[in-house]
Amino acid sequence: MAMTITDAIDCVGAPPDEAALRAALTRILSTSDADERESVWRAASRGLLENCGDKVYYRGLVEFSNRCSLNCYYCGIRAGNEGVERYTLSHDAILDAARFCAASGYGSIVLQSGERRDAGFVDFVEAVVRDIKRETVSDILPQGLGVTLCVGEQSRETYERFLAAGAHRYLLRIETTNAELFVRLHPESQGLDRRLECLQVLQDVGYQVGTGVMIGVPGQTVEMLVGDLLFFRDFGIDMIGMGPYIPHPDVPMAAEGRGEWASDDAYRTGLLMVACARLLLKDVNIAATTALQALDPEGRERGLEHGANVIMPTLTPTEQRGNYLLYEGKPCVDEGREDCRVCLSARILGVGRMVAYNEWGDSRHFHSRQ
Ligand code: SAH
């Protein structure tokens with residue numbers, strides 16, 4: 001007899017064995033029934049309240065450079081995309097964003113960029129992190145802003161330098177844990193092994209480590225997504241950021257379109273992945289990502305309902321937002337940082353959740369793992 005959705009939800013929370021867990025996750029991720037989906041998100045919401053409480057944590061996002069030396073086949077700012085006007089924010093502009101972030105009560109900042117490994121870049125990031133930490137100390141934030149980095153694969157030494165400068169969380173998406181799919185997404189010079197090694201180094205040197213996958217990529221199956229969730233658990237990942245794959249017109253993968261995934265399916269499965277991650281991983285931080293909102297104006301609110309507890313208001317200056325287009329239809333590119341502040345708190349309160357101000361909002365999972 002087929003598993004009911006209630007049985008599947010219960011099984012993910014307390015699996016009797018690995019085969020049953022895989023079957024339960026597959027069952028949940030495969031549903032398109034509206035009532036079943038409601039049962040799933042309600043269970044994930046309960047799981048969130050029990051394990052993390054009802055606070056939503058902010059991370060002000062500064063996309064500080066779109067210069068990139070890599071050529072991921074899906075990404076709009078890949079090196080080979082000549083249609084992109086390249087920029088790097090100045091040290092002062094990033095510090096200005098950090099001061100706004102602290103003054104807005106966001107508590108934490110995320111610095112994200114294309115990937116470079118040259119000494120100039122590493123020195124620049126290190127100095128920016130050090131100055132952000134120094135300049136944002138106040139009575140309200142005695143240790144300054146929490147700093148998360150998202151600047152790709154780097155050497156152990158570089159990761160250690162960034163940590164010593166004051167960054168304490170790092171995001172590096174695995175994109176997929178399926179070796180064959182990974183190869184379809186990246187040139188040969190970028191391997192899954194290297195990505196895994198970097199995640200291990202990040203964990204070893206002491207970061208709170210975040211990862212995630214794109215959902216609804218051509219060639220991706222529900223079984224692969226189940227594998228991704230089990231990887232998050234087995235690796236001891238502290239933070240999750242994942243969202244639907246959205247094609248960009250000027251990259252190699254544009255030719256494949258959405259493959260076998262309709263846009264609605266990618267969106268729904270993205271939300272169900274958030275819910276499954278919450279049910280399975282319990283006390284990790286999970287972001288309601290912008291890519292969800294790209295496919296539905298209320299995508300981030302739905303993400304919160306499905307168990308997410310982190311939101312990343314954009315602090316990138318409006319004049320640069322249009323140059324940081326990872327995919328088509330990225331929302332909020334015409335807005336300013338003030339707009340995002342007002343809009344997001346309304347969205348969070350609208351789904352009955354609390355906004356946490358002036359807190360780092362670290363992953364409870366990280367502290368219980370120590
Ligand atoms: N260079 C940094 C930041 C990459 S951009 C790094 O490698 O970590 C952040 C994330 O955007 C990527 O990890 C990827 O998962 C996501 N992304 C890129 N292109 C996308 C697309 N077309 N659709 C959806 N997400 C995309």
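Rule-based calculations on the coordinates, nothing more; no lab input. Just so we're clear, the structure is a prediction, and the values are computed from it rather than from any experiment. Cβ placement follows ideal geometry from the backbone for every residue including glycine, while neighbour counts extend to all protein chains displayed.
So if I place +1 on the C-beta of Lys and Arg and -1 on the C-beta of Asp and Glu, and nothing else carries charge, what would the dipole magnitude of region 219-275 be about its Cα centre? I want it in debye, nearest 20.
Magnitude of the dipole: close to 120 debye.
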**Request:** For the chain, set up a Gaussian network in which alpha carbons nearer than 10 Å are linked by springs, and say which option among 119, 277, 179 fluctuates the most.
**Result:** 119
**Request:** Could you work out which residue, out of 204, 265, 17, moves most in a Gaussian network model of the chain, that is, has the largest mean-square fluctuation with Cα springs under 10 Å?
**Result:** 17
**Request:** Kindly express, to the nearest 10 degrees and within the range 0 to 90, the angle between helix 156-165's C-alpha long axis and the longest C-alpha principal axis of the chain.
**Result:** 70 degrees
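As a check on your grasp of the helix formula, calculate [θ] at 222 nm for the chain: sum -39500 (n - 2.57) over DSSP H runs of n ≥ 4, divide by the residue count, round to the nearest 500. Write down the numbers at each step before the final one.
On the way: 15 runs with 171 residues, N = 370.
Helices in the chain give a 222 nm mean residue ellipticity of -14000 deg cm²/dmol.
So, with +1 on the Cβ of K and R and -1 on the Cβ of D and E, and no other charges, what is the size of the charge dipole of the chain about its Cα centre, to the nearest 20 debye?
Value, rounded to 20: 600 debye.
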**Complete:** If R0 = 25 Å, then residue 369 and residue 221, at their Cβ-Cβ distance, give a FRET efficiency to the nearest 0.05 of 0.25
**Nearest 10 degrees, 0 to 90: helix 263-281 Cα axis against the chain principal axis** = 90 degrees
**Asked** residue 234 versus residue 7, label points 7 Å from Cα toward the beta carbon: distance in nm?
**Response** 2.6 nm
**Request:** Tell me, rounded to the nearest percent, the portion of alpha carbon pairs in region 107-175 spaced more than 19 Å apart.
**Result:** 28 percent
**Asked** For the chain, what is the relative contact order in percent, using Cα pairs closer than 8 Å and at least 6 residues apart in sequence?
**Response** 23 percent
**Request:** Could you state the orientation-averaged shadow area of the convex hull built on the Cα atoms of region 12-167, in nm² to one decimal?
**Result:** 13.6 nm²
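Under the 0.36 nm per residue contour assumption, what length would be gained going from the current alpha-carbon distance of residue 20 and residue 197 to full extension?
Details: separation 177, 0.36 × 177 = 63.72 nm, distance 2.95 nm.
Full-extension gain reported as 60.8 nm.
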**Message:** Can you report the principal axis dimensions of the chain using only the alpha carbons, biggest first, rounded to whole angstrom?
**Reply:** 62, 47, 39
**Complete:** For region 2-103, the convex hull over Cα atoms projects on average to an area in nm² of 11.4 nm²
**Prompt:** When only Cα pairs under 8 Å and 6 or more residues apart are kept, what is the percent relative contact order across region 105-206?
**Reply:** 27 percent
**Fill in**
So residue 346 and residue 49, fully extended at 0.36 nm per residue minus their Cα-Cα distance, gain in nm 104.9 nm
**Request:** Return a whole-number percent for the relative contact order of region 145-256, with Cα pairs under 8 Å and 6 or more residues apart as the contact set.
**Result:** 28 percent
**Prompt:** So what's the gap between the Cα centers of region 188-235 and region 1-74, to the nearest angstrom?
**Reply:** 15 Å
**Asked** Among 213, 355, 137, which one moves the most in a GNM of the chain with springs linking Cα atoms closer than 10 Å?
**Response** 137
**Request:** Could you work out how far helix 34-52 tilts from the main Cα principal axis of the chain, as a 0 to 90 degree angle to the nearest 10?
**Result:** 50 degrees
**Prompt:** Which three semi-axes in whole Å describe the equivalent ellipsoid of region 192-280, each the square root of 5 times a Cα gyration tensor eigenvalue, listed largest first?
**Reply:** 25, 16, 10
